[in-house]
Amino acid sequence: MDIKTRLTLMNFLQFFVWGTWLISIGGYLGGSLHFTGSQIGSVFSTLGIASLFMPSLMGIVADKWLNAEKVLGICHISSALMLLWAATITDPNLFFWVMLFNSMFYMPTIALNSTASYMILEENGFNIVKSFPPIRVWGTIGFIAAMWIVDLTGWKSSHLQLIFAAASALVLGLYVFRIWLQITS
């Protein structure tokens, strides 16, 4: 598989993970777990809270101690564990904290995904401005595909959407390490 195809799959999966639960989680929390509106809102606020500081912190880690691909893989695997845990929770307060930790691992991956893609493209002689947009658009397609799968399988009202998200995040985390090993060897 060539580099652009590998990066296209990575971008597809990056947003596929998010699409598995972002749109449908409110219905699951309100309809199946009977969370209140403010409790559901607090779960959605975890994305904004984590976005305030985690991309910068993980960026520092990626700049100083580990390369972006390793941090990206570690974050996705950690996010998978949080999503798997979230699938077992029915308490609104604990659910908030687990989703906050999930967001703390997931939100930096959006920037790390782009950084890793840029670095890999540049190291292999590609023009980033021309090469990255067609790769990145597959992220949007991945998000939509995940929403359709969750909707068509009936998982939108079930904890199964979180298990599916966890499995997707784990696959992506392992895939990122595989890409990194193939490109560096």
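The values are calculated or read from the model by the stated rules, or taken from the named source; none is laboratory data. Computed from a predicted model, the values in this text were never measured in an experiment. Note: ideal-geometry Cβ built from the backbone for every residue, glycine included; neighbour counts use all protein chains shown. For accessibility, only protein heavy atoms count, side chains too; no ligands or nucleic acids. Shrake-Rupley method; radii C 1.70, N 1.55, O 1.52, S 1.80 Å.
Per-structure values
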quantity	calculated
The range 75-185: relative contact order as a whole-number percent, Cα under 8 Å and 6+ apart	45
Evaluated over the range 130-171, the Cα radius of gyration and Dmax, each in Å	12.6, 41
Answer label for Rg/Rh (Cα atoms, Kirkwood Rh) (calculated), chosen among (i) 1.03; (ii) 1.18; (iii) 0.99	(iii)
Highest-fluctuation residue, HIS34, HIS159, HIS76 considered, GNM on the chain with Cα pairs under 10 Å	HIS34
Alpha-carbon centroid distance for the pair the range 95-126 / the range 1-67, whole angstrom	9
Cα long-axis angle, helix 68-86 against the chain (0 to 90 degrees, to the nearest 10)	10
Where the chain is the region considered: accessible area per residue in Å², 1.4 Å probe	47
Highest-first arrangement of 122-131, 149-158, where packing means the average Cβ count within 10 Å	149-158, 122-131
Accessible surface of SER32 - all protein chains present, 1.4 Å probe, nearest 10 Å²	50
Carbon + sulfur, % of accessible area of the range 1-95 - ligands and nucleic acids excluded, 1.4 Å	67
Theoretical gain in end-to-end length, ILE128 to ALA167 [0.36 nm per residue, Cα-Cα removed]	11.0 nm
Within straight-line cross-link reach of LYS4, lysines at Cα separation under 24 Å, skipping those fewer than 8 residues along the same chain	LYS70, LYS130
Potential lengthening between ASN93 and TYR175 on full extension [0.36 nm per residue; Cα-Cα distance subtracted]	26.3 nm
Sparse-neighbour loop sites [chymotrypsin sites (Phe, Trp or Tyr not before Pro); the range 17-110; at most 12 other C-beta within 10 Å; DSSP]	TRP65
